Amino acid sequence: MTALSYLIAGILSWGGIGWLVDHYVGTTGIFAGIGAVLGVAGAVYLIVRRVSAPDRKGPW
């Protein structure tokens, strides 16, 4: 469930920032698409980092 939240939050937040840039610059969806792709890439990075983190409940 956390991975899905990372993906949704990344797409919505970075896509929203891209939409704002589109609105400011006057383009039609270019930066929103770039922002959504960056959001997915960032979410995948966070998911991989969280999954590959060492378990802190070790014997030490």
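The values are calculated or read from the model by the stated rules, or taken from the named source; none is laboratory data. Since we're looking at a predicted model, the values are computed, not measured. Because the Cβ atoms are built from the backbone with ideal geometry, glycine has one as well, and the counts that use them run over all protein chains shown.
Structure values in brief
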read-out: Tabulated pairs, the range 37-56, first within 18 Å of GLY16 (Cα to Cα) and touching a residue at least 40 places away in the same chain (Cβ under 8 Å), second of a type in the set (A, V, I, L, M, F, W, C) and not in a helix (DSSP H, G or I), C-beta under 9 angstrom, 6+ apart or interchain; value: none
read-out: Selection from the range 27-37 of residues that are surrounded by fewer than 17 Cβ atoms within 10 Å (Cβ to Cβ) and part of a helix (DSSP H, G or I); value: ILE30, GLY33, ILE34, VAL37
read-out: Condition check for TYR24: in contact (Cβ under 8 Å) with a residue 24 or more places away in the chain, in a helix (DSSP H, G or I) and either aromatic (Phe, Trp, Tyr) or touching a Ser or Thr at 6+ places or on another chain (Cβ under 8 Å) (or both); value: no
read-out: Number of the condition not met by ALA41 [criteria: (1) under 26 Å from THR2 (Cβ atoms); (2) modelled with pLDDT under 95]; value: (2)
